[in-house]
Structure formats: C-alpha cells, structure tokens
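*Asks:* Below is one structure. I have some questions about it.
The values are calculated or read from the model by the stated rules, or taken from the named source; none is laboratory data. As the structure is a computational prediction, the values presented were derived from the model and not from experiment. For neighbour counting, all protein chains shown are included, and Cβ atoms are generated from backbone atoms with ideal geometry for every residue, glycine included. The accessibility values were calculated without ligands, DNA or RNA, using every heavy atom of the protein model including side chains. Shrake-Rupley method; radii C 1.70, N 1.55, O 1.52, S 1.80 Å.
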Amino acid sequence: MRFIFKTDYDQDIRLVKHGGDAFWYGLLGVVLLAAPLWASEYVMSQLHFILIYSIVGFGLMLLTGFTGQISLGHAAFLAVGAYTEALMQAAGVPFFISICCAALFSAAAGAIVGLPALRLKGLYLAIATLAFNVIVEEIITRWHSLTGGNEGRHLKPVEILGFKLESDAEFFYLCLALTVLCCLACINLLRSPTGRAFVAIRDSEISASCLGVNLAKYKTMSFAISAGLTGIGGALYAHKLAFISPEQFTLLASIELLTIVILGGIGFLHGAVLGSVFIIVLPQLISLAKDWLPEGTAPSGLQAVAFGLILVLFIIFEPLGLYGRWLKIRTYFELFPFYRKGMFRRQKAYMKSDRLR
C-alpha cells in the first residue's frame, strides 16, 4: 500500500501525486503520441471518436457526476457546437475562433437550460432537458435556410494557419491536444472553490445553501461549463463525420452520452474516458459475436438489447462503473488480506435534512 507523506503545501496542488502516476500517465502519453505509427486506419478512426466522446464525457461528468444534475438533452448542446462550427467554417472564420464560438454558443444555451434547474431536480429536471433536446432537434430540422434541414450540411477538413489537417494522424493530434486541455481544465476546476461548490450541491443542496453556496449561480455555471465542453466535442464531431444532419442529435444520442458517465463511473473523470472507450469498443465486440451465431438468427436489435442489458447490470451490481471496479481491484491487492468487502458500499446521496423537503 502506498503512503504519501506531505511536507509542503505545494504537494496538495500537484497534478502528479507520486512517481507511479508519472510513470503510467507518461507511458500512456507515449503510446498515444505514437498511435499513428502502430494503429491501422480503422483503429485511428475509433481513437478519434474515443477522444471526442471523452471531451463530451468530461462535460457531462461535471454536471451529473459532480453537481448531481441529470441531463437527457446533451445531444442538443452537441448539435449547437456542430452547427456553429459548420456555419463559421462556411463563413471563412479561422478554426480556433470558430471552435471558441461553438463552445460559447453551447455554454449560452446551457445557461438558458440551467435556469429551470433552479426549481427542478431529479426526474423533472430530466424531463425539462429532454424537452430542450426535442426543441433543438425541431429547430435544426425546420430552419432549412440556416441548418440545411434534413439535407444536412457538409464540412471541410480543419484548416489551421493555412494548413489543412486532411490525414487521420493530423486530426488525431488535434483531438488529443484538445482532450488533454479539457481534462486539465476540469481537474483544476474541481479542486477550486467552484468545483468544491459543485460537489457540495451534489451531496446536499440544503447543507450547501446553509454554508453560503449560491445554488442559482453554481447550478447555472455547471450547466454552462458542461454545455461548453460538449460544444467543443460537437465541433470536432462535425469535422470527423464531415456531414451533420438532425438524425445524429436525437434523444437516443443523449441517452448514449449519459451512458458514458454511468458505465465509466459517476464522479470520476477517469470514468468519462473509460466510458467512451466502452461504448466505442462494444459495437465492435457485438459485431464479432454475430459472426458466431447461426446464419439468419442474429436479431437486428442485438446492439440495443446488449447496451440496455449491460447498463441495467452495471446500475444493479456495479454502480461505481468501470473505474469503481478498478479501484476495488487495486485496493484489494493493496490491503490483502485485510480488505473489507463493504469498504465501497454505496452511501445515501442525501442528508437527513433533505428528507424535510
């Protein structure tokens, strides 16, 4: 078991806590930087989606995992970012300005949606965000002159300072750089007073309010930051597909995004990455499983059934997700033979004072 003895205050704010973290994160960085050398074209395409979904997962994790606000409308913020990037590129705006605008417009939409969160929570908040997703989907479908309607809009490759990122490797490095920046921004945000306010709201709104946390301010801020990160992911998503249409931003897409944080592990930034890997790899595993079934017996809805079944099993047997399972395995070997089975037992999400509401 590892013990960290702190001798100065700087150790509390270091991103890398000890040499083990430095080694494993450094090794992961080297593997990713060398990905164009060892990965095939198909694997590179999957890595693009993993990085894009990780950025979106960071945003949704801030909202759901750290602030406790449920959202079934994040595909709408993804659409706002994607269409903003498409319109900005068509107008000849440079990429760095257009992706910042995608984040800002998505954040503004998130702040608007966050206003009902001041009086809604739980199922009612989920319904409100679901309604917002339906509204945005209808707008981009009906507003043909701006969005292209069902015909969609095409995008060109990303161009930075006159240099087009046409190859998979070039676009991969762009996605990797933005993913790392978003991850570092989330880490620093969560260890700031704002991040601690988010966690306080998640644990108990009444207790947080008694401690002086402005619920209206921080709930709206959480929605805005989450939507802004999702908008960045939407801009990259649009460039990856090179074509966007309303069918890509439906309620099912929002549920898929929420699945990332549930399967990866709510309350862990690592979970956003693990969940993204899982939802990208799972369809490939299902495709391989179909090959083992007798011809003509593979059901057309096998992927949807597998996703639903795995989601239910995780909620029942492993509510901490993939990263929670890894923590249990690591702790078991660190404390063996003194590991206690109930060490990670799920606690109540509310305080006794919340029962008075």
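*Asks:* Condition first: closer than 30 Å to residue 119 by Cα and not in a helix (DSSP H, G or I). Can you find one or more residues in the stretch 50-66 that meet it?
*Replies:* Yes, the conditions are met somewhere in the stretch 50-66.
*Asks:* May I pose another question? Among all residue pairs at least 6 apart or on different chains, which show Cβ distances below 9 Å where the first residue, located in the stretch 153-170, is within 18 Å of residue 46 (Cβ to Cβ) and the second is in a strand (DSSP E or B) and among the basic types (Lys, Arg)?
*Replies:* Every condition considered, the pairs that remain are 170/164.
*Asks:* Would the stretch 231-249 turn up any residue that is in contact (Cβ under 8 Å) with a residue 24 or more places away in the chain, open to solvent by less than 30 Å² (accessible area, probe 1.4 Å) and of a type in the set (Lys, Arg)?
*Replies:* No - not one qualifying residue is present in the stretch 231-249.
*Asks:* Within the stretch 13-30, restricting attention to residues that are among the β-branched types (Val, Ile, Thr) and exposed (fewer than 11 other Cβ atoms within 10 Å of the Cβ), which residue is nearest to residue 51 (Cα to Cα)? Even if it seems obvious, please write down each step before you answer.
*Replies:* The initial filter retains those residues of the stretch 13-30 that are among the β-branched types (Val, Ile, Thr), namely 13, 16, 30.
Within this subset, residues satisfying the condition of being exposed (fewer than 11 other Cβ atoms within 10 Å of the Cβ) are 13, 30.
Details: 13: 26, 30: 16 Å.
Taking the candidates together, the pick is 30.
*Asks:* Of the numbered conditions (1) within 21 Å of residue 240 (Cβ to Cβ); (2) of a type in the set (Asp, Glu); (3) open to solvent by 50 Å² or more (accessible area, probe 1.4 Å), residue 85 fails exactly one; give the number of that condition.
*Replies:* Tallying (1) within 21 Å of residue 240 (Cβ to Cβ); (2) of a type in the set (Asp, Glu); (3) open to solvent by 50 Å² or more (accessible area, probe 1.4 Å), residue 85 fails exactly one: (3).
*Asks:* From the list 130, 72, 87, exactly one residue is part of a loop (DSSP other than H, G, I, E, B), at pLDDT below 95 and farther than 19 Å from residue 218 by Cβ. Which is it?
*Replies:* Numbers: 130 fails: part of a loop (DSSP other than H, G, I, E, B); 87 fails: part of a loop (DSSP other than H, G, I, E, B).
So the residue among 130, 72, 87 that is part of a loop (DSSP other than H, G, I, E, B), at pLDDT below 95 and farther than 19 Å from residue 218 by Cβ is 72.
*Asks:* Going by what's in this entry, would residue 179 be described as within 30 Å of residue 40 (Cα to Cα) and either modelled with pLDDT of 90 or more or not in a helix (DSSP H, G or I) (or both)?
*Replies:* Yes, satisfied.
*Asks:* Looking at the stretch 272-285, is at least one residue open to solvent by 20 Å² or more (accessible area, probe 1.4 Å), touching a Cys at 6+ places or on another chain (Cβ under 7 Å) and aliphatic (A, V, I, L, M)?
*Replies:* Checked the stretch 272-285: no residue is open to solvent by 20 Å² or more (accessible area, probe 1.4 Å), touching a Cys at 6+ places or on another chain (Cβ under 7 Å) and aliphatic (A, V, I, L, M).
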